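Colleague: I'd like to ask you about the structure that follows.
The values are calculated or read from the model by the stated rules, or taken from the named source; none is laboratory data. None of the values given here were measured: they were computed from a predicted structure. Backbone-built Cβ (ideal geometry, glycine too); neighbour counts: all protein chains shown. Only protein heavy atoms, including side chains, enter the accessible area calculation; ligands, DNA and RNA are left aside. Shrake-Rupley method; radii C 1.70, N 1.55, O 1.52, S 1.80 Å.
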Amino acid sequence: MKVIASSLRKGNIVELDDGKLYVVLNAESFHPGKGTPTTQVDMRRISDGVKTAQRYKTTEQVERAHVEEQDFTFLYQDGDGYHFMNAETYDQVTLQSDMVGDQGAYLAPEMKVQLAVYEGTPVSITLPQKATLEVAETEPAIKSQTAASSYKPAVLSNGVRTMVPPFVSVGTKIVVMTADGSYVERAKD
């Protein structure tokens, strides 16, 4: 299925002229004052993991591969990689660490994720947008600090560093965005 280059998003699977499949890592559109708008697409070749970058005119057509989104449950991680189970068929698949990338820090047992499957092979993973984690360490709040403008550094239970409001203390459960680890809110539970 052909789509315009400016509609590509992270996680999309495209087929280039060489007949190989690539997963989009990042897509950014540029609109200069003069000249043609372009889209810079960073990709990883699925077959061997080689990274590449392509620049397209934003209206240029790109072949998007048909992939099937399937729901999986994260089971565990070991030396072989990350293990997932299909919720419907109970089939288990293993993804290598380089395919999961930085998102691996947010994976928790029993977490529901979506895997893009192309001809029976998982090619990319999509985590839920938000994850609830506990603050493992942070500085104590300073009394004169106002909550509106200042944030303090914190380390979460998964080892990710983020910035949190001053009222958050060690042991507090917070909700963060899995894309960048940014603070959203205090957990409701």
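Colleague: On the given criteria, is P122 touching a strand residue (DSSP E or B) at 6+ places or on another chain (Cβ under 8 Å) and surrounded by 15 or more Cβ atoms within 10 Å (Cβ to Cβ)?
Modeller: Considered against the rule, which asks whether it is touching a strand residue (DSSP E or B) at 6+ places or on another chain (Cβ under 8 Å) and surrounded by 15 or more Cβ atoms within 10 Å (Cβ to Cβ), P122 comes out as yes.
Colleague: Next question. Give just the number: which of (1) farther than 18 Å from G101 by Cα; (2) of a type in the set (A, V, I, L, M, F, W, C); (3) modelled with pLDDT under 85 does V14 not satisfy?
Modeller: (3)
Colleague: Do you know which of the residues in the stretch 127-142 that are open to solvent by less than 70 Å² (accessible area, probe 1.4 Å) and in contact (Cβ under 8 Å) with a residue 40 or more places away in the chain is farthest from V23 (Cα to Cα)?
Modeller: L133
Colleague: Identify, please: which residue in the stretch 38-54 is over 17 Å from K10 (Cβ atoms) and among the β-branched types (V, I, T) and is, among those, most open to solvent (accessible area, probe 1.4 Å)?
Modeller: Once the filter is applied, the top-ranked residue is V50.
Colleague: Might you let me know whether the stretch 47-63 holds any residue that is more than 22 Å from N26 (Cβ to Cβ), at pLDDT below 90 and within 18 Å of the chain's Cα centre (by Cα)?
Modeller: Looking for residues that are more than 22 Å from N26 (Cβ to Cβ), at pLDDT below 90 and within 18 Å of the chain's Cα centre (by Cα), one finds none in the stretch 47-63, hence no.
Colleague: For the stretch 72-105, give me each residue that is in a strand (DSSP E or B) and open to solvent by 90 Å² or more (accessible area, probe 1.4 Å).
Modeller: Hits for the stretch 72-105 are Y76, Q77, Q92.
Colleague: Any residue that is open to solvent by less than 60 Å² (accessible area, probe 1.4 Å) and farther than 28 Å from V176 by Cα - is there at least one of those in the stretch 106-118?
Modeller: Scanning the stretch 106-118, I find at least one residue that is open to solvent by less than 60 Å² (accessible area, probe 1.4 Å) and farther than 28 Å from V176 by Cα, so the answer is yes.
Colleague: Quick check on this structure: which one of A136, A131 is among the hydrophobic types (A, V, I, L, M, F, W, C) and under 18 Å from the mean Cα position of the chain (by Cα)?
Modeller: Selected residue: A131, the only one of A136, A131 that is among the hydrophobic types (A, V, I, L, M, F, W, C) and under 18 Å from the mean Cα position of the chain (by Cα).
Colleague: Which condition breaks for P165 when tested against (1) surrounded by 14 or more Cβ atoms within 10 Å (Cβ to Cβ); (2) within 21 Å of the chain's Cα centre (by Cα); (3) not charged (D, E, K, R)?
Modeller: Status for P165: all satisfied but (2).
Colleague: May I pose another question? Of the residues K34, K57, which is in contact with a helix residue (DSSP H, G or I) (Cβ under 8 Å, 6 or more places away or on another chain) and open to solvent by 60 Å² or more (accessible area, probe 1.4 Å)?
Modeller: Just a single option satisfies the conditions, and that option is K57.
Colleague: Could you grab the pairs with beta carbons closer than 9 Å, sequence gap of 6+ or different chains, first residue in the stretch 95-122 and without any contact (Cβ under 8 Å) to a residue 40 or more places away in the chain, second one open to solvent by 70 Å² or more (accessible area, probe 1.4 Å) and among the acidic types (D, E)?
Modeller: Q96/D80
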